[in-house]
4 protein chains.
Amino acid sequence: MGMPLELNTMIVTKGREKRVEENLFLLEKDGYRLYPIEIPIEVRKTMDSDANGIALIKKVEWQNSRTTLTYQLISLNSTN
Amino acid sequence: MGMPLELNTMIVTKGREKRVEENLFLLEKDGYRLYPIEIPIEVRKTMDSDANGIALIKKVEWQNSRTTLTYQLISLNSTN
Amino acid sequence: MGMPLELNTMIVTKGREKRVEENLFLLEKDGYRLYPIEIPIEVRKTMDSDANGIALIKKVEWQNSRTTLTYQLISLNSTN
Amino acid sequence: MGMPLELNTMIVTKGREKRVEENLFLLEKDGYRLYPIEIPIEVRKTMDSDANGIALIKKVEWQNSRTTLTYQLISLNSTN
């Protein structure tokens, strides 16, 4: 038994984020994942790419073996 | 920094649960709390009371320093 | 990436615990596992067996993809 | 009840780390803290300082309301 979860320290979008409004995005990931909420973390397109920017996660939802994040982009890497 | 959270191994309702439908309940708690999801856990009215029953948490939501649980009661203690 | 971990709400020994002294035991489990520490939790031999007793976890160690628990048995089920 | 813990995404040493050998360090922190293990994370002297380098946490120990980390510095910021 036990509940499998994954501790994450950055947001990897794989280009699947959906813009909700201006700088607010929604991202759905497989499995139950633990992210720091309201703490600045990197947003990357892939695990090995450079950071696109920095975001604050505003909401985390766990349901049906999926994690849904709502995050606010607070800074963008100008080189991207 | 760091994100404070609390690991919980049972649901303590303090009588604040709201019935959504038949045996499905909604409960809001202060702070960010980590609960096992889809795993049978005890439901109690207070920390020191006997178990009211056993539930499966179906959904966990973290937002604005609050945790919202949706849980399904799967068995009831007949003595309560 | 991300770090896989497993949230556990009871101790399942599979008979592999080692007695350190009187009522203090050591148990090694695969993977990184999150257990509540200093909070009474059930000890079972297998996931489906009845509880052997209640324990307090005194120490958790994560290293080399293994979790080592030190727990103190605080009550025993007389029927076992 | 519940077990308070803190999710951490970087190592903040406050200059209290102890060198065990070459690039291996020991750091003791108050409270129970959850860190990603075997995943590159930043090491900083204070929360607001620049990163000193990047480390892999090799061991996490929880006991007596303290967290002891063993980490290996894998890269150093040359400007520090």
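The values are calculated or read from the model by the stated rules, or taken from the named source; none is laboratory data. Not measured: the values here are computed from a predicted model. Cβ sites come from the backbone with ideal geometry, for glycine too, and all protein chains shown count toward neighbours. Accessible surface areas use protein heavy atoms only, side chains included; no ligands, DNA or RNA. Shrake-Rupley method; radii C 1.70, N 1.55, O 1.52, S 1.80 Å.
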* **Unmet requirement for A:GLU6, which otherwise passes all of (1) among the acidic types (Asp, Glu); (2) open to solvent by 60 Å² or more (accessible area, probe 1.4 Å); (3) touching a Lys or Arg at 6+ places or on another chain (Cβ under 8 Å)** => (2)
* What is the residue count in segment B:14-34 for residues that are farther than 20 Å from C:ILE39 by Cα and crowded, with 19+ Cβ neighbours inside 10 Å? -> 3
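When you scan segment C:54-73, do you find a residue that is over 24 Å from D:TYR32 (Cα atoms) and touching a strand residue (DSSP E or B) at 6+ places or on another chain (Cβ under 9 Å), even just one? Walk me through how you get there before you give the answer.
As a first pass, look at segment C:54-73 and keep what is over 24 Å from D:TYR32 (Cα atoms): none.
The answer is no, given that none of the residues of segment C:54-73 is over 24 Å from D:TYR32 (Cα atoms) and touching a strand residue (DSSP E or B) at 6+ places or on another chain (Cβ under 9 Å).
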* Asked: Looking at (1) over 30 Å from D:ILE11 (Cβ atoms); (2) open to solvent by 20 Å² or more (accessible area, probe 1.4 Å); (3) in contact with a Leu (Cβ under 7 Å, 6 or more places away or on another chain), which is the only condition B:ILE57 fails?
  -> (2)
* **Selection count where residues are more than 26 Å from B:LEU5 (Cα to Cα) and free of Cβ contacts under 8 Å to residues at least 24 places away in the same chain, scope segment A:42-74** => 2
* strands (runs of 3 or more DSSP E) wholly in chain D with at least 1 residues that are under 10 Å from the mean Cα position of the chain (by Cα) and either within 12 Å of chain B (Cβ to nearest Cβ) or over 30 Å from B:MET47 (Cβ atoms) (or both) - which ones? -> D:24-30, D:41-44, D:51-63, D:66-76
* **Lone unmet requirement of (1) surrounded by fewer than 17 Cβ atoms within 10 Å (Cβ to Cβ); (2) under 30 Å from C:LYS29 (Cβ atoms); (3) modelled with pLDDT of 95 or more for A:MET1** => (3)
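Which is in contact (Cβ under 8 Å) with a residue 60 or more places away in the chain and crowded, with 19+ Cβ neighbours inside 10 Å, of B:ILE11, B:ILE37?
Working: B:ILE37 fails: in contact (Cβ under 8 Å) with a residue 60 or more places away in the chain.
Sole residue among the options that is in contact (Cβ under 8 Å) with a residue 60 or more places away in the chain and crowded, with 19+ Cβ neighbours inside 10 Å: B:ILE11.
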